[in-house]
Structure formats: C-alpha cells, structure tokens
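Read through the structure below, which is laid out as structure tokens, and then see the notes.
Just so you know, all these numbers are worked out from the coordinates, no wet-lab data involved. All values derive from a computational prediction rather than experimental measurement. Methodologically, a virtual Cβ is constructed for each residue, glycine included, from the backbone with ideal geometry; neighbour enumeration extends over all protein chains shown.
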Amino acid sequence: MKYIPTIGLEIHAELNTLSKMFCGCLNDANESHPNVNICPICMAHPGTLPVINKEAVKKVLLAGKALGGKWSEYTRFDRKNYFYPDLPKGYQISQNNYPLALGGELLGVRITRIHLEEDAGKLVHAKDGSLVDFNRAGRPLMELVTEPDIKSGEEAANFARELQLIFRYLGISDADMEKGQMRVEANISIKPSAVSHQPSDLEAGLPDASKLGVKVEVKNLNSFRSAEKAINYEIERQAKLLDAGEKIIQETRGWDDDKQITFSQRVKEESHDYRYFPEPDLPPLNLATLNLGEMVVPEMPEQKRKRFKKEYGLNEEQTEFFINDKKFAGFFEAVVSELKSLDIECSERDLISSAVNYLTSDLRSLVKEKMISFGEILLTPENFAELIGMISGGEITSRVGKDVLRTMVETGGDPSVIVDEKGLRQMGGEKEIEELADKIIKENPKEAEEYKNGKEALLQFLVGQGMKETKGSVNPKILGEILKKRLK
C-alpha cells in the first residue's frame, strides 16, 4: 500500500428521553407536524433559562460505562458559537474541555470522549427557499469521538454498526439512521507508507510519512453504506491528489449518494473558531454529588454472541440474525425455555435446532412478506414452542407446521386449536395411509404406469398429490415408501 489511511469518527446519537435537553418539550422523533414541540426555552426567547435533563446525563454515563470509559469527576457545559438558520440561539450548548465520559474501546478502536449537547433544528428545502422545523432543536444529542485508529471504510462501517447495536441494547437511543437519530462524520487523512529520508522531497512539498496527513472531514453520513463508500472514495481522492503533486486542503466535505462522490462544503473550522466559553446559565456538574442511582450495564452484543454460540450451538449467520434484534433474541430465549418443559421424545438440541430453522427462515419470510416488524407479530413464545413440539413429536407434518405458523402470525392463537379446527393432525395409521396410496394410484393411472416403467421422478408427483389430498397431514416419507411397494 502506497499510502496509510488514518480515520477517526464522530458519531452523534439522539437520546430517547421523554423531554428535550434543557426544557420540558416532548422529545418525539416521530412527530410529523412542524414546530409543535417547541417552547420559549428551546426557541431561545430573551430571559429564558435552560435546565439540565438528568436522564440524558445518566444515559451518556451508561454508554461510557458500557464501553469501558471513565466518568469525569467534574464536567460542565459550554457555548459553541456559530450561526446557522436552524440554530435558534446563535450558539449551541455543548461540552468542550470537560466531557461526561473519557476513554473506552470498541472493536479495537479507542474512544476519546463522549459528551452531551443539544441538537439543531431541521431545514426543509423548497422551490421558493428553505423552511425551518424546530421540533428537533434542543433534543439531547450524544457525541462519541474516536481516536484515529480506523484504516478503511469497512472498519468504520463495522464500528458504527456495533455501536448502534450497543445503543439499542442499553436502551438509550433507537439510533435509526434513516430518521436521523444517528449520524456519522469521518475525519480522514493519508500519509505515505514509507518515511522519506530525502530532504528534497520535503522541500518540494511532498508529504512527510513521519507525520499525519492533512485531515478532511466528511459530514452527515446517514447510512453504514454511505459511510463506507464515502471514506473509501475520500482515501482514493486524496491519494490521486498526492500522486499528482497537489496539496490536500483541510476542509469539510459532503457525500453525494447519487454521484457516489464527496464534494467541498467549506474550509474546516478549528475549535477556536467557535469561541467556546463556559455556559453562564448552567452550573458545573460534580458527578460524585449527584444521586444517579445504580447503573447496571446489561449483556452487550459481543457477550451475547459468544453465549449464543456456546449455549445453543448456533453458527455465525444464525447468531447475527438474533443479535441484531434484541427483542428477537429475547423471544428466542423464551422459546428455548418453553421447549425445555415439553414432554416429547426428542433431544433438547434437536428441538432448539428446529426452532432456529423456523425462526430464521419461515418466520423471517413471513415478517418480510407482511412488511411488519418482529414486534408486531401476533405470536407468543409459548405458542411457537408448542408448534415446534407438535412438529418434532410427529403430531403434524413440517408442511402443516408452515401453514399453521402463517395463521398464527396473521391471527394469533394456539397451534393445537388451529390444527384441530382445520383437521390437520398427521395421518398416523398405516392402513389409512395405504388406502390413501391406493386412491392416488387409481386417480393418477398414467403417472403410476410411467413410474413403473422407470420414470422414478414421478414418485414425488404422486406423493405431492397425497399431500394435497390431506392438506399436508400425511407423512410424505411414509407415503412414499408405501407407494413404492404398491407400484413394484
């Protein structure tokens, strides 16, 4: 590699508190009507005073603890001064030198700090100009800053994905990137992979490999895919500039998802450009004196991954399927608990394996087909475990099990009741299956004769006719064996 990329991330996440950061306005990310969740405080009317949202502070501290960081003994808020139409105050209340949490690590990437600030409003661009929706203004916004330990767009996207999972497991943010609840910004620089010992190179303006390159920030990346592509594009763009003997400008750039390129927005500001100074209307916080209560970090995604593989024998794909949705993982474990209480002649491992297959294939397909979330399905762990038990115990066939699962997803209900109402219990008597085989042969004489003459593939057709006749309640393996005997 000719150049070594150096990448640090700044990730913003809106916290899911009931009220905004410094006022009592509703913090509702789903509000579609503009400018309804606003008040004199978040609109910066003269004479108003902000009050710190304690729950927002606790959520940031919980994130710091979960990521292995340390809480600051002393912390305070500062004014970050800049003008933008969606910023009512003309400044943003943020934290500069004294953030709430310091340090930590995730996927080998060191975390510098986590601090708390207020979000800005939202610009809505129209033909005749731009409108401002201030519903978002003042929402509690957590910012996490990493050390420049990342080397590629893929690493950055993986880090952001895992961080989103952690936020959701902690219950501090929904972190929905499509709704703007989580935004990624990347600081990218490159330097030569080998140190130059030629003074003439430095005199000619070529980059010094012993130092970091010029940093370019790409802002407001609103998907993992965009983050990965924008970073990789920027690495390539900077490399081409250096190869051409040109200099990289320290600037802020945006990402054009249609053209798949970054574009210049403005020359990058330094921290002193914001003229930070302590927020005079808010007191400093000494965390030791606050009654924060006990903060318990729940099982994190990586811990759950290891446990699921070891405890349930899941492969990589199955594990990720459950880990990526905390509620679904909880549903699965509740199913396993129910399966252990079933009194059927089937091993616990086989029952779990069957449940995993139905959850990751059939149920997954139904949820996708119905265009609903997992939380919306009318299915309980108890009823799902009962269905798996009925299939594994031979009460119903796998084909019937799929149909019953569809009914349970659509209307809810007990699987045994659905099976009895529709007469779907597995045909178990050999005499009954023999009678069915004779009927199939009689009604399909041409196919039966062709099978006798060597077209063995037609056996599946005949079995299919039996499944259709019995609505899937006959065991296809047993029916196939009896058909073979009859057609010798």
May I ask you to derive the relative contact order of segment 430-486, considering only C-alpha pairs under 8 Å and at least 6 residues apart, and to give it as an integer percent?
41 percent
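With an 8 Å Cα cut-off and a minimum separation of 6 or more residues, compute the relative contact order for the chain in percent.
13 percent
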nm² value of the averaged projected area, convex hull over the Cα atoms of segment 325-428
6.2 nm²
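For residue 486 and residue 460, calculate 0.36 nm times their separation in residues minus their Cα-Cα distance, and state this gained length in nm to one decimal.
Length gained, residue 486 through residue 460: 7.9 nm.
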When you have a sec, figure out the Kirkwood radius of segment 51-119 from all distinct Cα pair distances and drop it here in Å to one decimal?
13.0 Å
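In the neighborhood of residue 25, defined by Cβ-to-Cβ distances under 11 Å, what is the net charge if each Lys or Arg adds +1 and each Asp or Glu adds -1? Walk me through the numbers on the way to the answer.
Values: positive: 20, 136, 139; negative: 28, 31.
So the environment of residue 25 carries a net charge of +1.
So what's the back-of-envelope 222 nm ellipticity for the chain, counting only DSSP H runs of four-plus at -39500 (n - 2.57) apiece and dividing by all residues, rounded to 500?
Details: 16 runs with 186 residues, N = 488.
When only DSSP H runs of four or more count, the value is -11500 deg cm²/dmol.
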Roughly what would the spin-label model give for residue 239 and residue 82, points 7 Å off Cα along C-beta, in nm?
3.0 nm
What are the residues whose amide H is under 5 Å from the amide H of residue 76, where those residues sit 5 or more places off or on another chain and H is modelled from the backbone?
98, 285
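Within the P(r) computed for segment 3-289, what percentage of the Cα pairs occupies the region above 27 Å?
44 percent
Using the number of other C-beta atoms within 10 angstrom as an exposure proxy, rank 372, 4 with the fewest first. Mind showing how you got there, number by number?
On the way: 372 13, 4 16.
So the residues, fewest neighbours to most, are 372, 4.
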Most to least packed among 273-282, 226-235 [average Cβ atoms within 10 Å]
226-235, 273-282
Using 0.36 nm times the number of residues separating residue 131 and residue 211, minus their current alpha carbon distance, what extension gain do you get?
24.4 nm
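Gain in length, residue 345 to residue 18, computed as 0.36 nm per residue apart minus the alpha-carbon separation, to one decimal in nm? Kindly include the intermediate steps, with their values, before the conclusion.
Working: separation 327, 0.36 × 327 = 117.72 nm, distance 5.01 nm.
This chain segment gains 112.7 nm when fully extended.
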Beyond 30 Å between alpha-carbons counts as too far, so tell me which of 122/215; 327/370; 219/309; 65/191; 20/70 fall in that bin.
219/309; 65/191
Cβ-defined net charge surrounding residue 351, 12 Å radius [Lys, Arg +1; Asp, Glu -1]
-4
Inter-probe distance in nm under a simple model that places probes 7 Å from Cα toward Cβ, at residue 45 and residue 4
5.7 nm
Let me know the volume per residue of the alpha-carbon convex hull for segment 262-360, in Å³.
229 Å³
Listed candidates (1) 22.1, 78; (2) 30.6, 96; (3) 21.4, 65 - label of the one calculated as Rg and Dmax of the Cα atoms in Å:
(2)
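Just to be sure I follow: if Rg is taken over the C-alpha atoms of segment 430-486 and Rh is the Kirkwood radius over the same atoms, what is Rg/Rh?
That ratio is 0.92, to two decimals.
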At a threshold of 8 angstrom on Cα-Cα distance, excluding pairs fewer than six apart, so keeping six or more, what relative contact order does segment 3-289 reach in percent?
24 percent
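Compute the FRET efficiency between residue 36 and residue 422 as 1/(1 + (r/R0)^6), taking r as their Cβ-Cβ distance and R0 = 41 Å, and round to the nearest 0.05. Could you put the intermediate results ahead of the total?
On the way: r = 49 Å, r/R0 = 1.20.
Once the sixth-power term is evaluated, E becomes 0.25.
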For residue 4, residues with placed amide H under 5 Å, excluding near neighbours
191, 193
Please give, to one decimal in nm, the separation of the simple spin-label points placed at residue 297 and residue 220, each 7 Å out from Cα toward the Cβ.
3.4 nm
